[in-house]
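Remarks on the structure that follows.
Nothing in this text is a laboratory measurement; each read-out follows from the coordinates by a stated rule. Every value quoted in this text rests on a predicted model; they were computed, and no experiment measured them. We place every Cβ from the backbone using ideal geometry, glycine too, and count neighbours over all the protein chains shown.
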Amino acid sequence: MNQDQLWKAALGQLELRVSQGNFLTWFRETKIKEIKSGTALIETPSAFAHEWLSRKYQQPILEILHDLDGGVQHVQFCIQSPIKMHKPLKKNSRILVQKNRPATLPDRIPTPVSMPAPPTPTPNSKFAKTLNPKYTFETFVIGPNNEVAHAACRAAASKPGEAYNPLFIYGGVGLGKTHLLQAVGNAILKEKPGARVLYVSSEKFINEFVQSIRERNTQKFKEYYRDVDVLIIDDVQFLAGKGKTQEELFHTFNSLHSQNRQIILSSDRSPKAIATLEERLRSRLAGGMQVDIQQPDYETRLAILAEKAETSHVKIDPESLAFIAKNIQKNVRELEGALNRVIAHCELNNRRATLEYTEKVLEGILDQPQQRTVDSKKILDVVSVYYNLSLDDLCGKCRKQEIVRPRQVAMYLLRKENNVSFPSIGDQFGGRDHTTAMHACEKIQKLLEHDEELLQDINFIRERLYA
Ligand code: ADP
Ligand code: MG
């Protein structure tokens with residue numbers, strides 16, 4: 001057995017001993033660099049993997065290698081060049097593609113293996129300045145929650161206007177939509193510095209449009225947005241209810257699309273879940289490829305933290321990162337925030353980020369999610385506003401379907417978020433029997449298994465509850 005075969009055999013056994021996530025996170029890209037005087041030198045992709053492997057897995061690795069090759073008596077680790085990827089195997093992102101569009105993603109997505117280079121400065125500064133150079137594919141950590149979105153964005157970046165047009169990325173707050181959208185823009189500019197890439201938040205788009213009407217120069221506005229190679233519009237959910245702006249976007253869209261210019265959009269919901277979006281615009285936005293981003297799992301959170309920690313000067317123990325990843329689950333922005341807080345404290349006090357110190361620094365923050373409860377009244381208020389119903393209707397006796405479903409959602413959320421008892425839920429809805437409340441919760445639970453629109457609705461309501 002040569003070195004490579006030996007390591008392959010060892011990996012096969014290690015895979016059985018550790019969780020899939022851990023295996024992917026820590027053993028991917030490792031290899032035996034050399035075996036000398038009984039010591040196997042294992043090459044790891046990053047300082048972080050190096051430290052983690054030597055702390056946690058030295059013993060099992062040695063046992064397995066020794067079993068396979070009695071000559072191996074010791075194990076040591078070394079670092080290769082830094083790697084910015086965490087690539088999992090699972091696929092659980094949903095992906096929706098229109099029938100007349102290509103339904104598969106490219107087989108191979110180029111894998112960056114080096115430190116991110118800053119995007120080349122571009123002569124087209126009018127466009128370039130709308131992008132933040134820190135958002136690149138190289139700094140984006142891939143996990144099962146975002147790998148399809150990432151792949152689609154990569155494809156759009158490598159063949160703008162050809163692969164997926166429009167590309168629509170949707171998902172909750174702080175999950176990396178803006179990062180990905182901007183990464184597409186930065187990648188296109190890096191490849192083609194002269195490209196006219198325009199990134200705009202939908203709020204800015206709305207404001208500029210309104211202003212152009214006020215100043216009677218809508219023509220200038222039209223030209224500005226139609227004279228681009230790539231148009232990226234972030235957070236289009238804010239267009240809801242803005243009829244005139246929607247109409248303008250519809251025409252901008254048609255103009256760009258007919259010339260095969262790439263259009264990329266993001267939203268916190270799928271196009272069909274954006275209320276008061278004009279039907280013809282909705283069908284345009286939904287007419288290409290739609291991909292969602294979900295909340296990251298534990299391993300991905302850990303990998304994101306590891307990626308961010310590597311660029312910091314502070315020494316952060318792996319246990320500290322694991323602690324943060326365990327405790328902050330829903331939002332990458334909060335995950336980053338917690339890490340930055342720890343780093344700032346360490347820098348200020350010249351400390352090493354041990355588990356104990358991290359726990360202390362984050363004490364105040366982490367307690368909140370555990371004790372987080374919301375007023376039951378607030379749940380009823382938010383649900384009724386969301387579905388455009390009065391509180392009386394929501395809690396009343398009417399059995400029309402358009403009221404029954406929101407009522408069931410409200411019951412479900414009372415139970416899930418506040419753990420309210422079934423009899424008490426029944427009471428809050430005009431003295432209904434506890435079995436009605438029970439049935440409502442089961443019904444919603446069941447629907448959530450496949451009803452994507454409902455899932456988006458509930459996620460959105462939850463965000464409102466805790467905003
Ligand atoms: P959204 O637009 O979905 O609200 P952002 O793109 O603003 O979220 O992401 C919030 C923060 O989290 C950003 O600083 C972003 O760089 C970071 N982030 C999110 N997802 C990832 C990821 N997969 N890898 C690295 N950083 C991420
Ligand atoms: Mg955003």
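Values computed for the structure shown
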| read-out | value |
| --- | --- |
| All lysines inside 29 Å of Lys129 as judged from Cα atoms, apart from same-chain residues fewer than 8 positions distant | Lys84, Lys159, Lys177, Lys190, Lys192, Lys204, Lys220, Lys222, Lys242, Lys244, Lys308 |
| Anisotropy class of the range 285-423 from Cα gyration tensor, a/c 1.5 cut | prolate |
| Whole-angstrom Cα spans of the range 268-333 along principal axes, big to small | 54, 21, 16 |
| Sequence of Cys78, Cys346 once ranked by neighbouring C-beta atoms within 10 Å, starting from the fewest | Cys78, Cys346 |
| Two-site FRET efficiency, Lys315 against Lys220, from Cβ-Cβ distance with R₀ of 51 Å, rounded to 0.05 | 0.45 |
| Degrees between helix 177-191 axis and first principal axis of the chain (Cα, 0 to 90, nearest 10) | 70 degrees |
| Extension gain (nm, one decimal) between Gln445 and His251, 0.36 nm per residue minus Cα-Cα | 65.8 nm |
| Nonlocal amide H pairs with Ile79, under 5 Å, H built at 1.01 Å | Thr44 |
| Within straight-line cross-link reach of Lys416, lysines at Cα separation under 21 Å, skipping those fewer than 8 residues along the same chain | Lys326, Lys330, Lys377, Lys378, Lys443, Lys446 |
| Under Karplus coefficients 6.51, -1.76 and 1.60, residue-wise ³J(HN,Hα) of the range 5-16 in Hz, glycine/proline x | 5, 4, 5, 4, 5, 5, 4, x, 7, 4, 4, 6 |
| Under 13 Å from the Asp69 label point (7 Å along Cα→beta-carbon), backbone N, the range 22-61 | 31-43 |
| Burial order of peptide ranges 353-364, 166-177 (average beta-carbon count within 10 Å, highest first) | 166-177, 353-364 |
| Acute angle (nearest 10 degrees) that the helix 202-214 long axis makes with the longest principal axis of the chain, alpha-carbon atoms | 40 degrees |
| For Met411, Met438, Met289, Met1, order by how many other beta-carbon atoms lie within 10 Å, fewest first | Met1, Met438, Met289, Met411 |
| Over the range 326-401 - Rg/Rh using Cα atoms and the Kirkwood inverse-distance radius | 1.29 |
| Volume in Å³ per residue [convex hull over Cα atoms, computed for the chain] | 186 Å³ |
| Nearest-ten-degree value, helix 243-258 long axis tilted from longest Cα axis of the chain | 50 degrees |
